[in-house]
1. Could you run through the range 20-55 and say how many residues are free of Cβ contacts under 8 Å to residues at least 24 places away in the same chain, within 30 Å of Gly191 (Cβ to Cβ) and not hydrophobic (A, V, I, L, M, F, W, C)?
2. Which count do you get for residues in the range 178-206 that are among the charged types (D, E, K, R) and within 18 Å of Leu51 (Cα to Cα)?
3. Condition (residue is modelled with pLDDT under 95, under 21 Å from Leu15 (Cα atoms), outside any strand (DSSP E or B) and touching a Cys at 6+ places or on another chain (Cβ under 8 Å)) applied to the range 171-183: is it met by at least one residue?
4. Given the conditions (1) buried (at least 16 other Cβ atoms within 10 Å of the Cβ); (2) modelled with pLDDT of 95 or more, which single one is not true for Phe119?
5. When you go through (1) part of a strand (DSSP E or B); (2) of a type in the set (A, V, I, L, M); (3) surrounded by fewer than 17 Cβ atoms within 10 Å (Cβ to Cβ) one by one for Ala100, which number turns out not to apply?
6. Sort out which residues of the range 159-170 are in a loop (DSSP other than H, G, I, E, B) and at negative phi, and write them in order of number.
7. Can you name the condition, by its number, that Pro157 falls short on among (1) under 30 Å from Val111 (Cβ atoms); (2) surrounded by 12 or more Cβ atoms within 10 Å (Cβ to Cβ); (3) of a type outside the set (D, E, K, R)?
8. Say whether the condition of being of a type in the set (Phe, Trp, Tyr), under 24 Å from Val180 (Cα atoms) and under 24 Å from the mean Cα position of the chain (by Cα) is met by at least one residue in the range 40-54.
Amino acid sequence: MALGLLGTKLGMTQLFDETGKAVPVTVVQAGPCTVTQLKTTATDGYNAVQLGYGVTREKTLSKPERGHLQKANAPWLKHLREYRLDDPTQYQLGQQITVAIFQPGQRVDVVGTSIGRGFAGYQRRHHFGRGPMAHGSKNHRQPGSIGPGTTPGRVYPGKRMAGRMGNQRVTIKDLCVFQVDTERHLLLIKGSVPGKPGALVSVTPAKRVGAKG
């Protein structure tokens with residue numbers, strides 16, 4: 001359990017490493033985030049730090065939200081997220097958290113919302129195989145049987161069918177921080193992260209470090 005950072009996905013580009021190899025990276029405008037609440041086991045039943053990100057206008061917030069931010073002496077913030085910690089007392093209300101908490105080469109997990117693709121069929125959404133393309137076939141892009149008729153006489157919940165594709169919470173694990181720009185609050189992360197440019201993402205130290213490059 002470690003403190004992360006909220007940010008905005010700006011897009012993708014490429015950089016060159018020390019060997020001259022082109023590396024695809026995602027540019028994330030990460031922070032600065034403001035500590036808006038400290039939660040402890042004694043008061044809330046668990047330990048966590050709440051961070052706020054994205055300065056907005058006062059009229060976009062409700063009265064309870066404005067009161068909550070005023071207690072922390074924080075600006076009007078659009079997004080609030082909690083990060084579980086063993087010891088939240090090492091932080092203070094109103095404290096600014098920046099990209100300086102990350103280092104080049106560090107492994108991170110990135111959480112975001114995938115791009116919405118609208119209504120999609122079986123082949124595109126679930127990679128089903130198609131039916132025969134012969135003239136007599138009426139099963140070109142249909143799902144086939146979706147369950148027995150008499151028993152159980154219904155379609156089981158969770159059956160993979162056509163429907164809305166994307167626009168879901170996605171976590172990409174064990175990515176590598178390629179570069180940290182503390183002056184412009186930028187994180188350059190090797191590879192792709194969920195969402196379209198402008199989407200909100202959360203970057204945290206990786207829970208399980210693998211062997212990816």
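The values are calculated or read from the model by the stated rules, or taken from the named source; none is laboratory data. Since this is a predicted model, take the numbers as computed values, not measurements. Note that each Cβ is placed from the backbone with ideal geometry, even for glycine, and that neighbours are counted across all protein chains shown.
1. Qualifying residue count for the region: 2.
2. Of the range 178-206, the ones among the charged types (D, E, K, R) are 181, 183-184, 190, 196.
If we keep only those that are within 18 Å of Leu51 (Cα to Cα) too, we end up with none.
Number of matching residues: 0.
3. No, the range 171-183 contains no residue that is modelled with pLDDT under 95, under 21 Å from Leu15 (Cα atoms), outside any strand (DSSP E or B) and touching a Cys at 6+ places or on another chain (Cβ under 8 Å).
4. (1)
5. Just one mismatch for Ala100, condition (1).
6. Residues of the range 159-170 that are in a loop (DSSP other than H, G, I, E, B), as a first pass: 159-162, 166-168.
Those that are in a loop (DSSP other than H, G, I, E, B) and at negative phi: Lys159, Arg160, Met161, Ala162, Gln168.
7. Here Pro157 clears every test but (2).
8. So in the range 40-54, the residues of a type in the set (Phe, Trp, Tyr) come out as 46, 53.
Pick out the ones that are also under 24 Å from Val180 (Cα atoms) and you get 53.
Narrowing the set further to residues that are under 24 Å from the mean Cα position of the chain (by Cα) leaves 53.
Yes, the range 40-54 contains a residue that is of a type in the set (Phe, Trp, Tyr), under 24 Å from Val180 (Cα atoms) and under 24 Å from the mean Cα position of the chain (by Cα).
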